[in-house]
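What follows is calculated from the coordinates using simple rules that are stated; it is not laboratory data. This is a predicted model, so every value here is computed, not measured. So basically every Cβ, Gly included, is an ideal-geometry build from the backbone, and we count neighbours across all protein chains shown.
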Amino acid sequence: MSINNFNFDFYNRFLDQKIYKSDLKEKIDMLLHRVTKPARYIGVEPYSIHKNNPFYRFLFTYPDIYEIGMSNLTVKLFYHIINNIEEACCERCFMPEQDLYEMLLNEHVPIFSLESWLPVKSFDIWGFTVQTELVFSNILAMLKLANISVDIFSRSEDDPIIILGGVSAFNPFPLSSFIDLFFIGDGEQAIEKIVKTDIENKRKHLTRKERIDKLCRIDGCFSFVDILNTAKNEFLKVNNRLKSECSFKNADFSDEKFISFLEFLNNNSATFFDRIDPIIPGCIDNLDNVDYPAFQILPFVRSIQDRPSIEVARGCLNGCRFCQASYIYRPYRERDALKVAEIAVKTSIHTGYEQCNLSSLSVSDYTNIIPLVKSLENYFNDRNISLSLPSLRVASFDIELFSSLQSIRKSGLTFAIEAGSEKVRLKINKEFTEEKFFTILKSLYEKGWRLVKLYFILGFPDLENEAEDIEKLLDNIIKNFKGLRVNVSIALLIPKPFTPFLYDKQLDSELFLNFVKRLKYKYRNGKMQIKYPDPYISHLEYFFANGAFDASTMLFEAYKNNVAYDAWDEKRKNGFYEKYFASFEIPFFIKNKIDISQYFSNNKFSEFLKIERNKYKTGETTENCALNENICYDCGSCNPPFINRRSKVYNDYEISSFINLLDEPHYLANCLKKNDKARGFCIRFSKKDYYRYIGHIDFYTLFIKLLRLFGFDLVYSEGFNPTAKIFFPFPSSLGSETIDDVVLISACNEIVDDEIILEQIKRFLSGGLEISSITAIESFDKFRKQNYFIEYLDIPFNNDGESDEILVDKIENYLRLGHFDIRDIHVDGNKLKITSYIEENQKNIVKYLNTYNEQIDFSSFYKRKIEIQKRAFKEIR
């Protein structure tokens, strides 16, 4: 079979890729030798895209560490959309971990993109997506690392335009003095317009300001640059310390001058807000028109959500009155069930993940959730893929459906209860009875379930006995279900704009802590586990979510003092913001009772929020208008063609039939034939160049995904938690360059053409992973008995003391004490060369050597080669 006979259309853009790294390569390589998990920064993952010298460069960032950023759906969508534009490339950049952050800062190396290691200043636009206000300080820290001025006034024509979107952009004011351009709303179609518009801007050699003005014509895009420039000039007139505009522009913003300007904005906010023109959020009328990537980058370091996530619907009209997302992502739009099924199947095939997630704000309300889940479960069961769902609404819970999901049976069902009494649940529009909830728990218990997870929120406004209600409910659960383990998470309410609680203060942190700590102590010896977040973090999020220039002042002070990582308990500088909380007390918009939504939606929506707040007081519920066409609350969200849109109704036969018709080949479909009988394979591979930065556990996880997307039908163990039968006899350590390593797998396949399969794998892999042979073996055990293995090591080291001969003798004796079977050892320049027989899972020689003598440093960045030799017949017997 010729390799040319296979249709590579799906894969063409990922084949035969060359890796292009910038002039920073040598410096970055040296840094990566010294950081934990350097694989976060190498940017050559499968399905990453590398374009040589593109006309237009877009850098996209989720401002947290790699494992968080690579779980973000917007990163995956925008990366795909922008790279589909021929003249443009999209590269990624995430907040570095603290070790690399400090190295970049102290050694004056600019922060860089993952794919090409280009400094940020080489890009035309630097885009951020933010899902929480707790990453605001990270954004400013990254600007510092990029050597880009933190304030919008001092940036040069060579600096990229800084654009920010995401949920937290709906209150842009804390970042208004730091960000050039904002975007709110649905971004998939807008991002394509933004890039194509700015490509034309670049062709016309427009100034930075002219480019920003052009981009502001796109729905959802807006900038405060003009308003702030006007405010700056007014500030200069009244401030005696700054005599001219020039002196302000050239001011050192590490001093009090910029703080003074922010204070001026805070004191003259009414004038500022009066100058804002109405902003129209970007909106997509039909999710089926969004190009969803089936080929998603496979992370080198396991992300916090190690699975593809398929958005079945956007928005939610259940109207939980504390939930900002349910208000800002109106109208409610469902993706067609056949489209969801197609995306789920194709993404699972092409990424090799063992789990697939269906997501939305309320997935159990999706029109076709039952037939969709049943159909996907039937398809996935034979392919060792489990289906997962987020937390479930009690009101729409279907026990027969969800008890069939294997992934949920492992981890336990999660219920968003929110409040301990029906009275409070009615107030927050969370309508279900305790009787229904206990009926569900009883059914689960009778079916053998022994773990559930419950979410509660504490701190709803103007309530008494709120905490006691939660405690009573938990007591009743313990009383009625003595064998049930219950994991309880209690959060502190964060009142936010665009919700009916937009004017409400947050519950005092001490009151929250007193209750949750008492509850944790009460249930300390039982089967109920109580968890809660640090209320300090909840208060910080509350302040940034409702702040304006008061929050800007806090963020600028954080920037000056290198404060970042606010979302991380172990990294956060606790107490830094406390003096500012004392100064400002209440965040700006709550203190001044200003409704932010009036600038970003319409008067109807503002009135709707007032009505919802009154309903909270009376305990009146608001019905889901997507379920009843005769209901309309006149919230102003539906403006044709942007209206509530539900999927056509399907049964499971129709969805299953559609799935079975999908002809989606694995990458090696022309080289691998499926067999009913399992057999073993020995795969020889080399892990060089960038791949040496990947630790063994992460490489193991990645390799399974690669085998699955190639089309290997891996054999899995039996039992509650099946695992693929794949075995690395000699796991390599992080930093080592390995030649001809060995992995054994068990799969129900037959190789059709040995040469073609290796050629196709070679075309797909880049960055240092090579597969040199795939050989069928009878079994793992016979393979072990028939062969022995020799390891050749080439280890750089520093020795300022003894002669080579004496050192070699001492090291050889030390290695024999460690029971290593050494065949040869000698020094060649600054390298120690060792030949030894190697056993499965034996101790790492280099790590063992580094316990020998503190004065001698044996580098973890060494070379290793594995040789397989046949045993003599008498040895096998």
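Listed values, structure above:
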{"item": "0 to 90° range, to nearest 10: angle between helix 257-267 axis and the chain longest Cα axis", "result": "40"}
{"item": "Label assignment, Rg/Rh (Cα atoms, Kirkwood Rh) derived from the structure, set [x] 0.98; [y] 1.07; [z] 1.01", "result": "[x]"}
{"item": "Ordering of 835-847, 386-398 by burial proxy (mean other Cβ atoms within 10 Å per residue, highest first)", "result": "386-398, 835-847"}
{"item": "Helix 535-546 vs. the chain, principal-axis angle (Cα, 0 to 90°, nearest 10)", "result": "60"}
{"item": "Folded to 0 to 90 degrees: helix 466-480 orientation relative to the chain principal axis, Cα", "result": "50"}
{"item": "Net +/- balance of residues flanking residue 337 in space, Cβ distance below 11 Å, scoring K and R +1, D and E -1", "result": "-2"}
{"item": "Nonlocal amide H pairs with residue 310, under 5 Å, H built at 1.01 Å", "result": "357, 358, 359"}
{"item": "Sequence ranges 650-663, 148-161, 217-230, ranked by mean other-Cβ count within 10 angstrom, highest first", "result": "217-230, 148-161, 650-663"}
{"item": "Cβ-placed point charges (K, R +1; D, E -1), dipole of the range 458-526 about Cα centre in debye, nearest 20", "result": "580"}
{"item": "Cleavage-rule hits, GluC sites (Glu not before Pro), the range 57-87, DSSP coil, Cβ neighbours within 10 Å at most 16", "result": "86, 87"}
{"item": "Cross-link table 21/688; 21/865; 25/196, entries beyond 19 Å C-alpha to C-alpha", "result": "21/865; 25/196"}
{"item": "Label zone at residue 697, where the point sits 7 Å out along the Cα-to-Cβ direction: the range 21-47 residues whose backbone N lies under 13 Å", "result": "37"}
{"item": "Inter-centroid distance (Cα atoms) of the range 489-546 relative to the range 349-379, Å", "result": "32"}
{"item": "The chain - mean residue ellipticity at 222 nm from DSSP helices (-39,500 (n - 2.57) per run, n ≥ 4, rounded to 500)", "result": "-10500 deg cm²/dmol"}
{"item": "Fraction of beta bridges assigned by DSSP in the chain that are antiparallel (%, nearest 5)", "result": "55"}
{"item": "27 Å Cα-Cα reach of residue 674 towards lysines, excluding residues that sit fewer than 8 places from it in its own chain", "result": "346, 374, 705, 725, 762, 782"}
{"item": "Inter-part distance where the range 30-81 and the range 697-763 are each reduced to a Cα centre, Å", "result": "24"}
{"item": "DSSP-loop GluC sites (Glu not before Pro) across the range 689-763, with at most 12 other Cβ within 10 angstrom", "result": "718"}
{"item": "The range 22-223 - share of DSSP beta bridges that are antiparallel (%, nearest 5)", "result": "15"}
{"item": "Whole-Å distance, taken between Cα centres, linking the range 212-233 and the range 407-472", "result": "46"}
{"item": "Whichever aspartates and glutamates have a C-alpha closer than 18 Å to that of residue 257, once near sequence neighbours (fewer than 8 apart) are set aside", "result": "151, 234, 245, 550, 557"}
{"item": "Long-range HN-HN contacts of residue 528 with modeled amide H, under 5 Å", "result": "486"}
